[in-house]
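Worksheet: the structure to be examined is printed underneath.
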Amino acid sequence: MKTLLRLAQITPLAIALAGCVGMDVGPINELTREAGAPSPEFIPVPGDDGSTVVGLAFSGGGTRAAAFAYGVLRELDDTVIDEMPRRRTLVDDIRMVSGASGGAVTAAYFGYRGRDGYRDLRERFLTQDAEAFMKTSVSPVSLIRAYYGGVNDRSSFARWLDQKLFDGATFASLKWENAPIVWINASDINNATPFLFTYDTFAALCSNLDGVRLADAVAASAAVPVVFTPMVVQATPPDCGYTRPEWLVRALADPNASIRLRAYAGALNSYQNATPPAYVKLLDGGLTDNIGVTGFTLSRAAAQTPFGPLAPDEAVKLSTLMFLVVDAGRDNNVTWDKSLYGPTLPTLIGAISNTGISASVRDEFDALRLAVTNWRSELVAYRCRLPIATVRQILGSSAGWNCRDVELIVQRLSFEDLDPEQRARVNNVATRLKLPVADVDATIAAGRHVVRGNPDFQAAVARIRGRAGVGSAPRLVSAAD
């Protein structure tokens, strides 16, 4: 009885205390009187001959995922594909990079620092304590904060990222010469859809993406429910002269449009309808797309041409498009399958989460592969319809032109590609934002290993090198040939 009385006395005080801690849940964007610019129709044009295009999608998984993605980047950086007129590696040909949750850190940092500057990510993030500003212990106040939305707010991980990694940079800093397009993926829990940090998305919010901090976008992508409060975006629009892009209007009007595209168009449309929400709440991108492929699949689905999201001239120059999905998801370490009883509650919660994510990853990857397969067919048809005079104008010569000679490769690089010992090692790396240096380096090494050990990737590299006259290379024949 005394305990109940004591609890009754403490509870109002604790609730009042929770209100006094001043949780920072302010919106990450500013409304404007003029709608921001729409997203570009095409991915950026490369600075070289355009024959090779690389796209990357980095999965969630905390610092483990960021380190695995970094290892893949470093191995691509060591993969030389041309020597003349200058030395070129596959990192030079990255035109698209996407990330969800932990993978969003590496994606955003590559977009921010570029092909040379990204290399210090290990020292600036991977081996640092990104949980330094976070509340990680259990206390009455933490429990109350969890009840009211999440234990950690913008003053934790987002502040750490802004001060320690992104130097206060906004999306405007991603507009350097020959920069790739960067897609950061969060989840819109208002509409149960992915939320992409794109110009189209923020134009629909009567806002401008250029003013949004990279740290806030990455923190939104990594906002695990309960651990973090949802990141908040203002959504009550002023009269900003917003015009719905053609792809959005078409998607809403076409009952046969991609379900994914229709859902995303519906979410953007809700920001501008007669009774718009005051705020959009964002959580972990892994809730809706744990491998970060939404940006590309939506761009392709929204394309109004057979070559989009490539520009028309780039579709002619293209020889090899390589899309690598870098998946740092861990195996489900089952130990209760030998017993009649179990699993226990903590293990069961983990198994449920892992089952849902694994099933979603398989579906997302299959959808990506199908989209790319269909795209190749449309791309080949477009190229083969072109007059030779047009080809000659774009390429400078039609000598050796083969309209069907274009390869689109989709590969998933994961812990499953490792040998048993290395796989067991990285499977034990925690999903945290603070890891021992040995775990970081083991995971980076695993990222390098899965690239070197992928036979389809290596065959494609040999083909690219052969075209450039770097060594010999067998010609790969697509299944669609």
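The table for this structure:
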{"read-out": "Translational diffusion of region 76-193, µm² s⁻¹ [Kirkwood Rh, Cα pairs; Stokes-Einstein; 20 °C; 1.002 mPa s]", "value": "129"}
{"read-out": "Where the Cα pairs of region 199-283 fall when distances are cut into 10 Å bins, in %", "value": "17, 42, 34, 7"}
{"read-out": "Accessible surface of the chain [probe 1.4 Å, protein heavy atoms]: carbon and sulfur percent", "value": "55"}
{"read-out": "Estimated dipole of the chain in Debye, rounded to 20 [Cβ of Lys and Arg +1, of Asp and Glu -1, Cα centre]", "value": "460"}
{"read-out": "Region 65-152: GluC sites (Glu not before Pro) in DSSP coil with no more than 14 other Cβ atoms inside 10 Å", "value": "E83"}
{"read-out": "Solvent-accessible heavy-atom area per residue, rounded to whole Å², over the chain at 1.4 Å", "value": "44"}
{"read-out": "In degrees, nearest ten, helix 62-77 long axis to first principal axis of the chain (Cα)", "value": "20"}
{"read-out": "FRET efficiency for R404 and R119, using Cβ-Cβ distance with R0 set to 45 Å, rounded to 0.05", "value": "0.75"}
{"read-out": "Column: log10 I(q)/I(0), Debye, Cα scatterers of region 17-102, q = 0.11, 0.19, 0.20, 0.23 Å⁻¹", "value": "-0.56, -0.98, -1.02, -1.11"}
{"read-out": "Virtual spin-label span in nm between C384 and D24, 7 Å along Cα→Cβ", "value": "5.8"}
{"read-out": "Where the Cα pairs of region 173-224 fall when distances are cut into 5 Å bins, in %", "value": "5, 18, 26, 30, 14, 5, 2, 0"}
{"read-out": "Theoretical gain in end-to-end length, E416 to A430 [0.36 nm per residue, Cα-Cα removed]", "value": "3.3 nm"}
{"read-out": "Order by protection proxy (mean Cβ within 10 Å, highest first), peptides 55-61, 143-149, 68-74", "value": "55-61, 68-74, 143-149"}
{"read-out": "Entry for percent of Cα pairs over 32 Å apart (calculated from the structure that is shown) out of [x] 57; [y] 48; [z] 43", "value": "[z]"}
{"read-out": "Size of region 45-144 as Cα extents on the principal axes (Å, biggest first)", "value": "63, 22, 18"}
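The values are calculated or read from the model by the stated rules, or taken from the named source; none is laboratory data. Predicted model only: the values in this text are computed from it and were never measured. Note: ideal-geometry Cβ built from the backbone for every residue, glycine included; neighbour counts use all protein chains shown. Accessible surface is based on the protein model in full, side chains and every heavy atom, while ligands, DNA and RNA are left aside. Shrake-Rupley method; radii C 1.70, N 1.55, O 1.52, S 1.80 Å.
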